[in-house]
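Data block below; observations after.
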Amino acid sequence: MSSKPSPRTHAEARIAVQTYEPEPYDEPSDAPALVRIHVEEQFSGDIEAAGVANFLQLSLAEDSASFVGLERVTGRVGERSGTFVLQDEGTLEGTTVSGRWFVVPGSGTAELDGLRGEGGFTAQVGESADVTLDYWFE
């Protein structure tokens, strides 16, 4: 007999980027470039944590891109501590970065075991991001 998931909780936080290291890995002369980006960031608010992410980005123009990534988050969500992984996808349009993410099922550890959730983020390039995560536990 399986237990019912816990009710959803809405979390809001800010992310401050500590490290941003882009590295092109495929730059054909006649097609958009592919770039790996290593990011380290700090969450504050309803999520108090450190995140380490790697993104793959397709640079469509000087101010337009599409990206996907994985980020391990270590810290606290609500009153529980542990680690989990976010899977991200988003875009850069002009100076606005926005995207959606979800908690990878089975990635939670310690008190965050069973964590599930989805949310998103918006930021201006080079500034802190406002993020949300609607989460629950299975």
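Restricting attention to region 47-67, and to residues there that are within 19 Å of Thr132 (Cβ to Cβ) and surrounded by fewer than 18 Cβ atoms within 10 Å (Cβ to Cβ), which single residue is farthest from the chain's Cα centre (by Cα)?
My answer is Glu48.
Looking only at region 27-57, which residues are over 20 Å from Gly90 (Cα atoms), charged (D, E, K, R) and assigned to a strand (DSSP E or B)?
Glu48
Suppose we filter Leu56, Leu70, Leu60, Leu86 for residues that are in contact with a strand residue (DSSP E or B) (Cβ under 8 Å, 6 or more places away or on another chain) and modelled with pLDDT under 95; which single one remains?
Exactly one of Leu56, Leu70, Leu60, Leu86 is in contact with a strand residue (DSSP E or B) (Cβ under 8 Å, 6 or more places away or on another chain) and modelled with pLDDT under 95, namely Leu60.
For region 68-94, which residues satisfy the criterion of being touching an Asp or Glu at 6+ places or on another chain (Cβ under 7 Å) and polar (S, T, N, Q)?
Ser81
Can you run down the residue pairs with Cβ atoms below 7 Å, 6 or more apart or on separate chains, where the first is in region 109-133 and of a type in the set (A, V, I, L, M) and the partner is in a loop (DSSP other than H, G, I, E, B)?
Leu115/Gly108; Val125/Thr95
Any idea how many residues of region 97-116 are surrounded by fewer than 16 Cβ atoms within 10 Å (Cβ to Cβ) and within 19 Å of Asn54 (Cα to Cα)?
Looking only at that region, the number is 3.
The values are calculated or read from the model by the stated rules, or taken from the named source; none is laboratory data. Everything numeric here is computed off the predicted structure, so don't read it as measured data. Note that each Cβ is placed from the backbone with ideal geometry, even for glycine, and that neighbours are counted across all protein chains shown.
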